[in-house]
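J.: Structure incoming, see below.
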Amino acid sequence: MSLKTKIANIFFPARCVFCDEAMDYRTLYCICDKCNIEIKNYYTADGCFMFLDKIRSSVLRFKFAKATDYAQTFGLTMAAQLKLRLGKINFDVAVPVPLSPKRLRKRGYNQSALLAKVIANELNIDFDDKSLIKIKETEIQSKSHSSSQRAKNLKGAFAIKGDNLKGKRVLLVDDVRTTGATLEECSNTILKKGKAISVFPWVFARVDT
Ligand SMILES: [Zn+2]
């Protein structure tokens, strides 16, 4: 550990992203030993986390309480799971699910873009948060809506700017999957309007349906 890191640890101790406890060491992944063991129980069969308990509270801090430094740990975890599941990485570009301009202004950052940037860097692929845009304000997707209501709510919500996704293999990144309707609508837009050759959605956590 460098002297600079040691000093940083005294004044600004790294905090575990899952339990928020101060850690006496600093690593690429800000996960304490205790949580590192515990979170293994929260993996779904397809390699993301269940949106429950400390995973859920951690994502909520990331999303709504400006805990943007979590992106490093979350993004690296997502990249590691992808490599583990797929073996070979066959993507050209990581694209985040966009926020509407209004919501982006209000929140100040797009949490999915922060994740996609870390993943792109880790997988050595491009990052593109300009091509897929959200042009319509939508209600929060909820399980209480029927699937036809959800589809109606999202219809025409996304659009493509430019032609950067044409012929590309896209990794579509989001923080949480609730119903899957948003990812589906984004995927359709990327394929039909963006003329990408494939889309693979990847999320940090999912609400069990
Ligand atoms: Zn912890």
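J.: Can you list which of the trypsin sites (Lys or Arg not before Pro) found in segment 76-108 are DSSP loop residues with at most 14 other C-beta atoms within 10 Å?
T.: Qualifying residues, ordered by number: Lys88.
J.: Is segment 159-209 rounded, prolate or oblate when judged by the Cα gyration tensor, a ≥ b ≥ c being the square roots of its eigenvalues, rounded requiring a/c under 1.5 and prolate requiring a/b larger than b/c?
T.: Judged from the Cα gyration tensor, segment 159-209 comes out prolate (a/c at least 1.5, a/b above b/c).
J.: Angle between the Cα long axis of helix 53-64 and the longest principal axis of the chain, 0 to 90 degrees, nearest 10?
T.: Computed tilt is about 70 degrees.
J.: Determine, for each peptide in 197-204, 71-78, 24-31, 152-159, the mean count of other beta carbons within 10 angstrom over its residues, then list the peptides with the highest first.
T.: Output ranking for 197-204, 71-78, 24-31, 152-159: 71-78, 197-204, 152-159, 24-31.
J.: For the chain, which span is the longest to avoid every loop-located (per DSSP) member of GluC sites (Glu not before Pro) having at most 16 other Cβ atoms inside 10 Å?
T.: 22-136
J.: Hey, another quick one. For Arg15, what residues show an amide H to amide H distance below 5 Å, using hydrogens built from the backbone and excluding near sequence neighbours?
T.: Residues meeting the criterion, in which the H sits 1.01 Å from N, are Met23.
J.: When the Kirkwood hydrodynamic radius is evaluated over all pairs of different C-alpha atoms of segment 46-206, what value in angstrom, to one decimal, is obtained?
T.: One over the average 1/r among Cα pairs gives 15.8 Å for segment 46-206.
J.: Also: Hey, got the dipole for the chain? About the Cα centre, +1 on K and R Cβ, -1 on D and E Cβ, debye to the nearest 20?
T.: Dipole magnitude for the chain comes out near 680 debye.
J.: When only C-alpha pairs under 8 Å and at least 6 residues apart count, what is the relative contact order of the chain, in percent?
T.: Relative contact order of the chain: 19 percent.
J.: Can you show me the helix-derived [θ] at 222 nm for the chain, built from DSSP H runs with n ≥ 4 at -39,500 (n - 2.57) apiece and divided by the number of residues, rounded to the nearest 500.
T.: Taking each H run of at least 4 residues, the total per residue is -12000 deg cm²/dmol.
J.: Still on this structure, I have one more. Please name whichever of Gly180, Pro13, Leu104 sits farthest to the positive end of the charge dipole of the chain, dipole taken about the Cα centre and charges placed at Cβ: Lys and Arg +1, Asp and Glu -1.
T.: Projecting each Cα onto the dipole axis, the largest value belongs to Leu104.
Bear in mind that the values in this text are calculations on the coordinates, not laboratory data. What you see is a predicted model; the values in this text were computed from it and never measured. For neighbour counting, all protein chains shown are included, and Cβ atoms are generated from backbone atoms with ideal geometry for every residue, glycine included.
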